[in-house]
Every structure is written in structure tokens, then in C-alpha cells.
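Below is one structure, written out as C-alpha cells; comments come after it.
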Amino acid sequence: HDGRTFAGGSEPSVCRVDTEFALVLISRGGGDTRLTESVDVRGRAELRVEEIIARWQASREAERHLLDSYRVPCFLTIHVESSTFGMGLDVSLNLERFVDRTGVNDWIQHDFYVNGVRFRRGQEFPLPLLEPERVMTQPLELSMNEKYAYRLLGTETVGDALTYVIGIEPTEPTELLYAGKVWIDGVSFRQVRMQLEQRSGKHNIASHVETQEFGVETDARGRAFTLLRRIFVEESLNVAGRPVTLEKTYRFGAYQLNVPDFAARLEEARASESPMFRDTPEGLRTLRRKDGVRVPDTAPSKRVR
């Protein structure tokens, strides 16, 4: 509403606005004349990429204030292939993830199989060696900053949602950053999908491309949260001077959100003999038992047997 007043008459009054919302006030003049009214909206304002990301961040922060903790089962499949070896290798792991607002981000490995053969319980799979170096500045994690450039690429329908497609490009060539795209719901401004690419890692991973699929999960009070449902990863590695292709698929099961037994279940996992891992700022690390307490292995081995 910009304060303009339009007189009545046989011709319709037209008002053009460039803002997202318009407040239209219609009042009747004096006398007993009957008032007939209608409002016809012919179009909607186009949002700038900065506005879309700001709304996504606001939606995410609102959820973070309500999400205290969650645990979720995850089934991870890994396929390794190399022309040098002449055959593929398939690994499957039953995992469970624990996350809370204090910074806990731990995984417990229940079982793992190699080419369908189950290894003994408690045998650790060297999962941290297959994880890329952690990108310190995630796109969209922080406020708009100079390390990334964002571009609105258009719109696309993903499932039942009409989404904005945002292109992400790093602007700091000397830092390890992501490039890719993110799909943001045009109504709720939740992320629906994210596709990220990481290159030039310092270790044996030559390239890392992952697609993250998100869904809406609810807690016992009916509050909705946007959480991962599936991650598909394609990597190119150099192993002993030989190229190796690696594919990983994470499938997340039923989330337990804000449940009262979270702390008890986490302590039970830490007290068990099952292998555990932790997401740290440096990447995934194995949790070793030291003086009865699980601590991250700060000097992981680079050899796999």
C-alpha cells in the first residue's frame, strides 16, 4: 500500500506494485449506494537470489530452534570399481547416526558386508579413509559472503514442489570449496535437493560429486523438520597410482526426533564394542576408546588391509 487513492467510476482502477505483497483497502463513500468490488492480481513479483537464500536461512533457523536431537538408521552401500583390479567390490553397512544441538554428530556401525559376506561383529570398516577432506565454508550455511557467488538459474519441479534453482560458484580459488546447485521450495523455502562438487582435495580423492535429497519429518508434537533422506556420491580416487571409481549411497530410515531417550541410547552405543565414527571439522574420524571414553583418532592410518 503506497497511499494512493483511486476514484470510482466505470473504468477499473489499476495499481502496479513491485513489492512482494500489496495491501489493498477498499472503502465505500457516503450514502446508501451499493458497493461492488473485485481485486484481480495479474502477476507476482520475481524474487532476487539474495531474497530466496535469506528466506531459506530463516526457515532453517526456525527449525534449528525446535530440533534438540535426533537419531536415525542409515543403510550405506559402497561400490568400488577399477579396470586394474578387473572386478568390482560391494560393501554394505548398517549404521545409526546421533545428532544433537550440543555438537554431537556420531555414527555407530552395527554390521558390514563385503560382496554379501558378513564380517564378524565389531570388525571396523575403514570408512574415514573414503571420506573427502571437509569443506570448511559450506555454501548456504553462512550468510551471503564473498567466498561464494550465487545465481538464480530458473525454476524446476521436483516431485510436487515448484522450486527455485540456485547456482553456486566459489570465488576463492585457493580454498577448498564447493560448486553446484541447490533446489529451494518456492512456497516453504525449504531445501529439496542439493548437488555439490568438490575437486582438488589434498589427499587421494581427485573429485567428489554428491546429490542430497531432503524430506519433511515430524516429531511427536507434529512439528516439521527438513532432513536428509538420501545421499548419492560419485568419487574418483587415486590408489597406489591407479584410478578407482567409488559410488556411495546413504539411505536414511525413520527419524526419532526430540525423543527423551536420546542421551541414554547414545551412551549405550558408546559403551558397546561396536565401531563408532564422528563428524569433525577436519572430516570423519574413528572414535577410539581411551581411559574408558570414546575420543576421535587424531592421526588416522592411511593404510587399509
Sticking with the crude label model, points 7 Å out along Cα→Cβ, report the distance from PHE75 to LYS147 in nm, one decimal please. 3.6 nm
Arrange the peptides 190-196, 160-166, 146-152 so that the one whose residues have, on average, the most other Cβ atoms within 10 Å appears first. 190-196, 160-166, 146-152
Probe 1.4 Å, all protein chains in place: accessible area of ASP111 in Å², nearest 10? 30 Å²
Around ALA269, what is the net charge, scoring Lys/Arg as +1 and Asp/Glu as -1 over all other residues with Cβ under 10 Å from its Cβ? 0
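Summing Lys, Arg as +1 and Asp, Glu as -1, what charge do residues with Cβ under 9 Å from the Cβ of GLU172 carry, GLU172 excluded?
-1
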For ASN94, what is the net charge nearby, where nearby means another residue's Cβ is under 12 Å from its Cβ and Lys, Arg count +1, Asp, Glu -1? +2
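Mind checking the per residue accessible area of segment 229-305 for me, 1.4 Å probe, whole number of Å²? Intermediate results must be reported in sequence, preceding the final value.
Working: 4830 Å² over 77 residues.
With the other protein chains kept in place, segment 229-305 gives 63 Å² per residue.
Given R₀ = 51 Å, what would the calculated FRET efficiency be for GLU156 paired with ASP291, taking r from the Cβ atoms and rounding to 0.05? Show your work: numbers first, answer last.
Details: r = 53 Å, r/R0 = 1.03.
Efficiency at R0 = 51 Å is approximately 0.45.
The values are calculated or read from the model by the stated rules, or taken from the named source; none is laboratory data. Everything numeric here is computed off the predicted structure, so don't read it as measured data. Reconstructed Cβ throughout: ideal geometry from the backbone, glycine too, with neighbour counts over all protein chains shown. Calculation scope for accessible area: heavy atoms of the full protein, side chains included, ligands and nucleic acids excluded. Shrake-Rupley method; radii C 1.70, N 1.55, O 1.52, S 1.80 Å.
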